[in-house]
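Worksheet for the structure shown next.
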Amino acid sequence: MRLDAGDFRFALAMGWRDFCAAPIWGIFFALIYVLGGWLVFWALTAQGQLWWTLPAAAGFPILGPFIACGLYEVSRRLERGAPLDRATVLGAIFAQKDGQIPSMAALIVFYFLFWNFFAHMTFALFMGNVTMTNVSQSLAVFMTPAGLGLLVFGTLSGALIAALLFSLTVVSLPMLLERDIDYVTAMLTSLSLVRENMLLMLAWGAFIAALLFLAMLPGFLGLFVVLPVLGHASWHLYRRAVAWPDAPPDASHQTQSA
């Protein structure tokens with residue numbers, strides 16, 4: 001489906017509406033990420049135990065799809081006027097363990113591990129011959145030709161890897177929550193949507209990345225608002241982009257026509 005800028009504005013507006021309608025759920029799901037961010041920060045700075053960062057960061061791609069499904073489930077229930085009691089929302093998330101979401105989570109974990117391997121390999125290729133005992137105490141080394149090459153190549157390749165993951169998951173996760181389809185079909189649908197709306201979808205991905213970065217600056221506290229709003233908005237963007245004959249009308253379409 002062809003999208004325009006108005007679709008993204010309405011998705012954000014609906015994301016904000018859903019967060020305001022059920023802020024406790026948004027804060028609850030965001031809390032997991034905030035606690036994880038604090039753990040990584042503590043491991044890096046307070047304790048200096050870098051080995052903690054990999055297992056702590058690895059938890060995000062494992063838990064991420066389930067947390068996202070929690071936000072999607074809240075938006076879906078608000079859209080249908082269904083109750084938001086604890087048993088039904090958490091039960092819907094728990095039920096995903098028998099569906100396609102674990103396969104998606106496993107794929108994201110594999111992607112995360114490949115990303116780490118690629119980053120270490122890139123660092124070794126560019127900086128392997130540079131004498132450096134501690135990166136945080138040798139920042140000037142990044143102003144050398146090898147350091148600048150690492151920054152340019154690492155940034156471009158990292159952006160490409162992130163864009164591919166975004167393209168595969170931007171609507172596939174909410175699709176797996178709503179529909180009984182396999183994760184490969186969901187990812188191919190997501191990829192097709194991004195390919196059809198390349199510039200707008202890449203701008204949306206860059207907007208999400210920038211907003212999340214800004215939200216992390218004040219001690220990760222901004223994530224309590226940004227994460228749920230973006231999660232709810234992703235559900236409504238999916239609902240506008242992928243039409244199912246038996247699906248109820250998306251409230252954002254109703255808002256547009258009002």
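The values are calculated or read from the model by the stated rules, or taken from the named source; none is laboratory data. Quick caveat, the model's predicted, so the values are computed rather than measured. Note that we place each Cβ from the backbone using ideal geometry, even for glycine, and neighbour counts take in every protein chain shown. Calculation scope for accessible area: heavy atoms of the full protein, side chains included, ligands and nucleic acids excluded. Shrake-Rupley method; radii C 1.70, N 1.55, O 1.52, S 1.80 Å.
Would you confirm whether or not segment 186-201 contains a residue that is part of a helix (DSSP H, G or I), open to solvent by less than 30 Å² (accessible area, probe 1.4 Å) and in contact with a Gly (Cβ under 8 Å, 6 or more places away or on another chain)?
no
Return the residues of segment 71-112 that are small (Gly, Ala, Ser), more than 22 Å from TYR33 (Cβ to Cβ) and surrounded by 16 or more Cβ atoms within 10 Å (Cβ to Cβ); say none if nothing qualifies.
GLY99
How many residues does segment 76-104 hold that are part of a loop (DSSP other than H, G, I, E, B), under 20 Å from PRO228 (Cβ atoms) and in contact (Cβ under 8 Å) with a residue 24 or more places away in the chain?
The total comes to 1.
Restrict the check to segment 172-183 and report whether at least one residue is of a type in the set (A, V, I, L, M, F, W, C), assigned to a helix (DSSP H, G or I) and open to solvent by 20 Å² or more (accessible area, probe 1.4 Å).
Taking segment 172-183 first, the residues of a type in the set (A, V, I, L, M, F, W, C) are 173, 175-177, 181.
Subsequent filtering for residues that are assigned to a helix (DSSP H, G or I) retains 173, 175-177.
Now restrict to residues that are open to solvent by 20 Å² or more (accessible area, probe 1.4 Å): none.
No, there is no match, as no residue in segment 172-183 is of a type in the set (A, V, I, L, M, F, W, C), assigned to a helix (DSSP H, G or I) and open to solvent by 20 Å² or more (accessible area, probe 1.4 Å).
Taking segment 22-42 as the search range and keeping residues that are open to solvent by 30 Å² or more (accessible area, probe 1.4 Å) and not aliphatic (A, V, I, L, M), which one is nearest to the chain's Cα centre (by Cα)?
The selected residue is TYR33.
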